[in-house]
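Heads up: the structure comes next, in structure tokens.
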Amino acid sequence: MIEDTGRSRTRRTLSSTAKLLSALNLDGPLLVGLGFLSLYGLVILYSASGQSTVTVLRTLMRLALGAAAMLALTHASPNFLRRLSPWLYLAGVLLLLVVEVTGVIGKGAQRWLNLGIFRFQPSEIMKLAVPMLAAWYLHDRPLPPDWKSLLLVALIIFVPAGLVAIQPDLGTAALIAASGALLVLMAGLSLRLVLLLLLLGAGAAVGGWHFLHDYQRERVLTFLNPRTDPLGAGYHIIQSQIAIGSGGVFGKGWMNGSQAQLQFLPERSTDFIFAVVGEEFGLIGLLLLLALYLFIVSRSVWLAMQTNDTFSRLLALSIALTFFVYVFINAGMVSGLVPVVGVPLPLVSYGGSSVVTLLAGFGILMGLYSHRKLVGS
Amino acid sequence: MDPRVRIKDHWNEQRLFSQRTLGAFVVITVLVLTLIGRLVFLQVVRHDYYVELSQGNRVRLDPIPASRGLILDRNGGLLADNEPAYQLELIREQVPDLNDTIRRLVALRLIDPEEIEDIRRTIMSRRSFDSVPVRLRLTDEEIGRFAVHRFQFQGVDLATRQTRHYPYGRLAVHALGYVSAISGQDLENIDRAAYAGTTLIGKLGIESAYERALHGKNGFHEILVNAQGRSVQRQGAYAPELHSAPPIAGEDLVSSIDLATQQAGEDGLGDHRGAVVAIDPRNGDVLALVSKPGFDPAAFARGLSRSEYDSLANDMDKPLFNRALRGTYPSGSTIKPVIALAGLTNHVVDPAREEFCAGVFHLPHSALLFREGKSGRHGNVDLVQAIARSCDVYFFGLASTIGVDRIAAFMAPFGYGALTGIDISGEKPGVLPSPEWKMRTLKQAWYPGETVNLGIGQGYLLVTPLQLAHVAAELAERGKSFRPRLVTGIRRSDGSITPIPPVENPPIEGVSAADWNLVLRGMQGATGCNPVCGTAAGPFKGVAYAVAGKTGTAQVFTVSRSDKLTQQEPERLRDHAWFIAFAPVEAPRIAVAVLVENGGFGASAAAPIARKVMDAYLLRPDTPPPPDSAAAEGHAGD
């Protein structure tokens, strides 16, 4: 045939795209989901940052960096990753210790490692290193794990989580712990034990109250009753609920949210950007955002289910579910469902190295999926 | 790991993963639904509530104070208006070097060096974009000095605000009242929202009584503000629609005050302590209301220092005290026309019968002696002469004959012991004594001697100058009277005047026309010499209209006969001088009461002031010449 019909041209384009994607070990639907989410994020960020082109460009740079990490990691085989796990973990813990000792003070907390050109949060490494090491440890052991394994995995989780918590960065510590805990849950942790742990956790929360920093206690207290301190610690929660609530179903329009644009909403382009979506795009905008997240999570879980070795499956599921935890904690804290902990809205909030870590995680996940047949079991 | 104990079962593991993944999806679904539920609650259920909160966040109401209504005299002359006051304001973020700027303002003598620290602290305590007043009440000279150097003071500028201005200064201050800064106590009585942006509120007098009308309605601008409170033009990419409402100016009040009459009263009293009240008997209009000493109302509008206020409040002469409304004094002989009417109406006196006024009165069945006052012996007098020449002995006997119960009952309708109901607040009722009153308040029986004293207005009887002006007006109108008032109408923005109708009191009944004639003839006799000169004949010599009047002397301190050397008494122990009058007799247009504290004799101290006031009102070029008094029938001729 000399002339192509439109349909066959489309089909050919699609098939050549599919070939390209598979050559790059990428998953089309997940990539599209991430792309749309990033685009949506940039649109919101432009408004939330007070129409700052610089902010948008910087975020684009970070996205590019993350995409590069993602592209590179898709080629990492499960075996390579498994072998890398202990070393990455060790390096991460070491860096955390370095931060503790010499870390630069940023926002009153020691979180950053200044590498001259850019600053970097070692805790970000642990978001991936913890589930990797846990998966590495559990992959050749019978599941559900026995007591001994559980204790060891608990150690793997709580050493870095503890180090991050004393920085103090409760949000990241919670996410690190969540990534490990979700992995253990997926590995078949007895539900009875989960219940017991929850009860113990509640007890520990009461006991641990004494070990919390004042500002952490305050956050919990103001979460329970924000009106007690409307201009102090409760201000964030009150203002973000006003932003979301006043947005209504259809929102006030892009770049027209008074709470966000007139700076009543604190941290509007970072931790509280979810409220900007709610204010300017309304319930519809938030449902669209949640739909995108749910699609990404579902696709990730589906990809994880397709892998056929324990290491891949545990790691992939942990990455997918931790992503959801991110979303839920951020959306929950902004809308007043959970206490305010510093968790960004993944791929939408401005700043931090989390964009790179998240995209790297999805790179690993896609790599695990595309290498699934290469693994003999 | 011992493979014999635990073998890795891949089929089992696969099933476990599937179960757990399914479980995870269930949990995710529940959590997402919870989240959506929360969002629906916030964005749909409580949407209106949060819209209101967000609106309250971003929009600030900037009040535009309404301009206060003017107060005019009855001829349209300005008694109170508004004028701009200038103050120096500074915006910190626009000032290049705050310390240097303050130093140069001191060098220009616009800031007192002693206030530098206070001013700096005030500036620093406010937000950097707030305009902070650093100096209030600039004089014209200071404005000029600043204007010349203005270009050197970036971020400093003159600001104006409206303040109250009284073109005649202290004139009629006790009638007009004054305005001053809203106090904490005021805040409890006003609608705070309505007063946002208002700095001054009426105190005393018309300014206070008509505060609602004068205040008007403040307008507002909606201002878009950001979280720091800074006014901004845009909200993100948009400039939202903002509302505003113009202020509605207060109503201009037309007062009953007649400038020339008021001025005559003020001038007449001069430096004496005392009060003058003039009323138009035909409608209750208060033509003049003077209380001396007065004070400068402008001082209150601009703000008094503590010491300035203390010196006013602690002044022995009580300049803040409104004597016209609140000063209570024995009426002295001004009561005699009313006692005479009481005797005539109760038919206990033959007006033509002459009594011998020997200068002393023996109370029957008693050893008490009542001496004539300071006017000496009068010889044989009938009722008319007794009033005209103010014979105490005649009225000692008359009062004793009528009896206190009948006197009190007769006097009450005249308004003795009761509020006149004037339209400004603070009025005192005085005291109309009676046996029942004495028993109630002093728990003592009434003595017959007290009835004798009441006949010449001494003892427990206490009246205010306003009350006596009201009584004079009642006498002028033969029992008809109106509630005294200081505001007669409201001037609309188009210049038209909506009058406030006068309120008529129930008339005094039971007094025959012949009795009124007799008593009024007596009062007219007091200001003339027919056939014998009355007590106030001197001051009214050559008067161009017919006047009826009555002098009075209220004892401050009982002096024995041997000490009766008036001029040597310490000034504050001297008697108070009274004079009440109305004119023209045939068609009265003005009724006056004059009180001169410690003025001594009513005829010499008070009557000349009353004449000045009546001259000012009745003999003005623009008022029609007084009709020929001889034409009026039923009244005694000159």
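Every number in this text was worked out from the coordinates using simple rules, so none of it is lab data. It should be emphasised that the depicted structure is a prediction, and the values quoted were computed from it without experimental measurement. Methodologically, a virtual Cβ is constructed for each residue, glycine included, from the backbone with ideal geometry; neighbour enumeration extends over all protein chains shown.
Couple of notes before you dig in:
- Checked against (1) within 30 Å of residue B:239 (Cα to Cα); (2) part of a helix (DSSP H, G or I), residue B:89 meets all criteria but (2).
- Scan region A:242-261 for residues that are surrounded by fewer than 24 Cβ atoms within 10 Å (Cβ to Cβ) and facing another protein chain (nearest Cβ under 8 Å) and the total you get is 6.
- Considering residues of region B:58-96 that are surrounded by fewer than 21 Cβ atoms within 10 Å (Cβ to Cβ) and within 14 Å of another protein chain (Cβ to nearest Cβ) only, the residue nearest to the chain's Cα centre (by Cα): B:60
- Region A:318-347 - residue that is in a helix (DSSP H, G or I) and at the interface with another protein chain (Cβ under 7 Å from one of its Cβ atoms) and, of those, farthest from residue A:33 (Cα to Cα): A:332
- The single condition from (1) facing chain B (nearest Cβ under 10 Å); (2) surrounded by fewer than 24 Cβ atoms within 10 Å (Cβ to Cβ) that residue A:267 fails is (1).
- Just so you know, in region A:281-298 the residues that are under 24 Å from residue B:234 (Cα atoms) and in contact with a helix residue (DSSP H, G or I) (Cβ under 6 Å, 6 or more places away or on another chain) include one that is nearest to the other protein chains (Cβ to nearest Cβ), and it is A:282.
- Residues of region B:473-498 satisfying the condition of being among the hydrophobic types (A, V, I, L, M, F, W, C) and part of a loop (DSSP other than H, G, I, E, B): B:486
- Scope region B:389-436; condition farther than 30 Å from residue B:500 by Cα and in contact with a strand residue (DSSP E or B) (Cβ under 7 Å, 6 or more places away or on another chain); matching residues: B:389, B:390, B:391, B:393, B:394, B:396, B:397, B:431
- Taken together, the criteria exclude residue A:311 from residues that are among the aromatic types (Phe, Trp, Tyr), crowded, with 21+ Cβ neighbours inside 10 Å, at the interface with chain B (Cβ under 9 Å from one of its Cβ atoms) and assigned to a helix (DSSP H, G or I).
- Residue list for region B:111-151, restricted to those being without any contact (Cβ under 8 Å) to a residue 24 or more places away in the chain and basic (Lys, Arg): B:120, B:121, B:150
- Screening B:228, B:154, B:235 for residues that are touching a residue at least 12 places away in the same chain (Cβ under 8 Å) and within 29 Å of residue B:114 (Cα to Cα) leaves exactly one candidate, B:154.
- Only one of the numbered conditions (1) closer than 19 Å to residue B:416 by Cα; (2) buried (at least 17 other Cβ atoms within 10 Å of the Cβ); (3) not charged (D, E, K, R) is violated by residue B:283, and that is (1).
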